[in-house]
Amino acid sequence: MNKRQTRLTTIADILLNNIVGSQEELLDLLRQRDCTVTQATLSRDLKTLRTSKVATEMGGYRYVIGSGLPTDKVIEQAAVDKVSRVAIESVVCSGQLVIVKTRNGYAGGVAYDIDDLDSPYILGTIAGADTVFVALRDKAPMSEVCSALAQVIPPSLIENATIHY
């Protein structure tokens, strides 16, 4: 793993396990892990990881990470898989809807990644703070939908999805 991939993995780990509200806080946490980086490089890394700032329940803000691979860069797959495993909690299929439950603040990123799949069976998504509603085409084959969603959602969660008819 090269230096950049190691740094991206470290940033992902920090953001998944800490409430970080500013780049300065993140820089301090990186320094504690002997990872020295400039603010400009950190900004690019945050963009690569598709982070966004979301409001917390306590009135502050925190960075959260998008769950899929960035379309403009290919980064260490292990870091992305870790984000998906931690961000997405469960999947339920019911009629023409798939409901994806996430950790608070991660639904927007997951919805973006699902919309980005450009599947003919997925009409679109609506994201809240911790829930994504995925609207499906009428009579969409669930096997095809699951195959598409497996690009974003860990396969183990899709295999264990609750399906209501």
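The values are calculated or read from the model by the stated rules, or taken from the named source; none is laboratory data. Keep in mind that this is a model prediction, so the values were computed, not measured. As a convention, Cβ positions derive from the backbone with ideal geometry for all residues, glycine included, and neighbour counts pool all protein chains shown. Ligands, DNA and RNA are excluded from the accessible area calculation, which covers all protein heavy atoms including side chains. Shrake-Rupley method; radii C 1.70, N 1.55, O 1.52, S 1.80 Å.
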Name the pairs: first residue in the range 98-110 and farther than 11 Å from ILE126 by Cβ and modelled with pLDDT of 85 or more, second residue in a strand (DSSP E or B) and acidic (Asp, Glu), Cβ to Cβ under 8 Å, at least 6 apart or on different chains?
LYS101/GLU89; THR102/GLU89; ARG103/GLU89
Just need a number here: residues in the range 113-134 that are open to solvent by less than 60 Å² (accessible area, probe 1.4 Å), farther than 23 Å from VAL54 by Cβ and hydrophobic (A, V, I, L, M, F, W, C).
1
Please state which of the following conditions ILE163 fails to meet, knowing it meets all the rest: (1) modelled with pLDDT of 80 or more; (2) open to solvent by 20 Å² or more (accessible area, probe 1.4 Å).
(1)
Scope the range 23-42; condition open to solvent by 40 Å² or more (accessible area, probe 1.4 Å) and in a helix (DSSP H, G or I); matching residues:
GLU24, GLU25, ASP28, LEU29, ARG31, GLN32, GLN39, ALA40
Taking into account only those residues within the range 84-113 that are in a strand (DSSP E or B) and within 19 Å of ASN18 (Cα to Cα), which is farthest from the chain's Cα centre (by Cα)?
GLU89
Sole miss for ILE14 among (1) modelled with pLDDT of 85 or more; (2) over 22 Å from ILE88 (Cβ atoms); (3) surrounded by 14 or more Cβ atoms within 10 Å (Cβ to Cβ) is condition (2)
